[in-house]
Structure formats: structure tokens, C-alpha cells
Amino acid sequence: MNIPWGSDIANRFITNIGLVTTNGIHGHNIMACEWTFHLSYGPALIGVSVNQRHATHIHIRETKEFGVCIASINQSMLSSIAGRGSGKMFDKIKVAEKLGFKFSPAKSINVMMPEGSAVNLECKLFSEIALGDHTLFVGEVIEGSVNPQEKPLAYHSGRYWDMVAAQEKPSAEVREKIKMLIEQHVK
Ligand SMILES: Cc1cc2nc3c(=O)[nH]c(=O)nc-3n(C[C@H](O)[C@H](O)[C@H](O)COP(=O)(O)O)c2cc1C
């Protein structure tokens with residue numbers, strides 16, 4: 001079966017927005033990518049699942065490197081710019097700059113990084129896996145930094161969300177009960 005964009009099933013997921021920055025035949029570019037995942041602690045590996053038609057796909061194949069910034073709650077407009085229209089057609093970074101967003105060059109790869117993200121990662125292509133209509137590009141992180149004051153933006157049901165309230169973990173009593181049940185069901 002297919003699970004199309006915007007369908008009831010797709011809308012139940014909660015994701016981050018990765019702002020994937022690349023450089024290549026279409027110039028410096030930025031793309032919104034909700035399918036951005038932390039895949040390994042050591043070495044640090046990050047996956048971005050990118051549709052084969054996107055300029056970002058062409059650039060990662062061409063240069064074997066990309067930046068991934070985890071969007072902060074102040075960057076929902078930047079995500080909309082990055083996710084609307086292709087870098088094949090217009091310069092999204094220039095448009096974002098005109099709207100007040102700032103970019104600076106990455107330290108170790110040849111891409112621009114948006115300022116004010118929750119996390120900034122510079123990646124070298126580690127592997128790629130063809131997955132249906134997307135390609136999962138796995139990047140090894142060679143530079144990483146965090147902006148502790150910036151809260152990550154969540155994406156759910158086609159809308160941007162601010163995570164407001166953490167839910168309580170199970171109480172000590174419930175945790176004790178779970179421990180007892182685990183002991184009773186040891187294999
Ligand atoms: C919130 C949001 C999340 C998105 N997530 C993805 C994604 O995970 N993978 C993908 O291939 N495209 C995703 N897109 C679509 C691309 O960002 C969009 O098609 C973009 O124009 C591609 O840019 P490019 O051709 O310059 O690379 C998303 C768009 C938005 C608005």
C-alpha cells in the first residue's frame with residue numbers, strides 16, 4: 001500500500017524538521033526534511049530521506065556532503081521557505097536572508113548553515129540506501145554543535161508545534177510493579 005503525504009496515517013507521526021543545506025550545480029541550497037534521524041552514537045550517523053527529484057538529492061550525490069540543522073521554534077518560517085519550491089528554480093537562501101534569517105559558512109564542508117537552529121551538524125556522506133520514492137542519505141557527523149537556548153521545532157499533522165509540557169514518567173509504585181512483572185517473566 002501507499003501512505004501519501006497528508007494522509008491520516010502520515011499525520012499521526014511526530015518528527016523534527018532537519019534543514020538540509022547543500023551546494024552543487026544549483027548553487028547553495030536549503031531544504032526542509034522531516035525525515036531526519038539520529039541513527040548511530042559512535043560514529044555519529046544522521047539519516048535524511050530525500051525525494052529523488054529534489055535539488056538536494058542531486059547535490060548530495062555530486063558533493064558527498066551536507067549540513068543538517070535541527071530547526072528551532074523560531075525557524076518555522078525558514079522551514080516553510082526551505083520546503084516550498086526547489087533550489088533548481090530560485091535561491092531559497094537569498095529569499096530567507098531578505099526575510100531576516102542569517103547564514104554563515106560551515107566550518108568543514110562547503111555549505112551555508114542557518115543561524116539560530118537547535119543543533120548544527122556537518123556531515124560527510126557515509127552511505128545511501130534507495131527506499132521507495134526516497135533515498136536515505138546517511139551522513140557521518142564531522143562537526144556538531146548545539147544552541148542550548150533554542151528549543152527544537154516539532155512537526156505533526158502538517159503543522160509546526162512547540163513542545164510545551166513534558167509528561168510524567170510512571171510513578172515509583174508503577175515502576176516497582178513493572179520490575180516485579182519483569183522478574184516473573186524472565187526467560
Ligand atoms: C515541513 C516539511 C517537511 C518536508 N520533509 C521532507 C522530507 O522529509 N523529505 C523530502 O524529500 N522532502 C520533504 N519536504 C519537501 C521538500 O522540502 C521540498 O520539496 C523542497 O522544495 C525540495 O527542495 P530542493 O529541490 O531545493 O532540494 C518537506 C517539506 C516541508 C514543508
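The values are calculated or read from the model by the stated rules, or taken from the named source; none is laboratory data. Just so we're clear, the structure is a prediction, and the values are computed from it rather than from any experiment. Neighbour counts are summed over all protein chains in view; Cβ atoms, including those assigned to glycine, are modelled from backbone coordinates with ideal geometry. For accessibility, only protein heavy atoms count, side chains too; no ligands or nucleic acids. Shrake-Rupley method; radii C 1.70, N 1.55, O 1.52, S 1.80 Å.
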Query raised in the report: Only one of 150, 140, 65, 115 is of a type in the set (Asp, Glu) and within 16 Å of the ligand (Cβ to nearest atom); which?
Result: 65
Query raised in the report: Which condition does residue 16 not pass, out of (1) farther than 19 Å from residue 123 by Cα; (2) open to solvent by 30 Å² or more (accessible area, probe 1.4 Å); (3) in contact (Cβ under 8 Å) with a residue 12 or more places away in the chain, if it passes all the others?
Result: (1)
Query raised in the report: Mind checking whether some residue in the range 124-132 is within 16 Å of residue 21 (Cα to Cα), out of contact with any Ser or Thr (no Cβ under 7 Å at 6 or more places or on another chain) and either open to solvent by less than 80 Å² (accessible area, probe 1.4 Å) or at pLDDT 95 or above (or both)?
Result: yes
Query raised in the report: How many residues are within 7 Å of the ligand (Cβ to nearest atom) and open to solvent by 30 Å² or more (accessible area, probe 1.4 Å) when one looks only at the range 27-52?
Result: 2
Report summary line: All-but-one check, residue 100 against (1) part of a loop (DSSP other than H, G, I, E, B); (2) in contact (Cβ under 8 Å) with a residue 40 or more places away in the chain, failing number (2)
Query - In the range 73-102, the residues that are under 20 Å from residue 155 (Cα atoms), touching a strand residue (DSSP E or B) at 6+ places or on another chain (Cβ under 6 Å), open to solvent by less than 30 Å² (accessible area, probe 1.4 Å) and not aliphatic (A, V, I, L, M) - result: 79
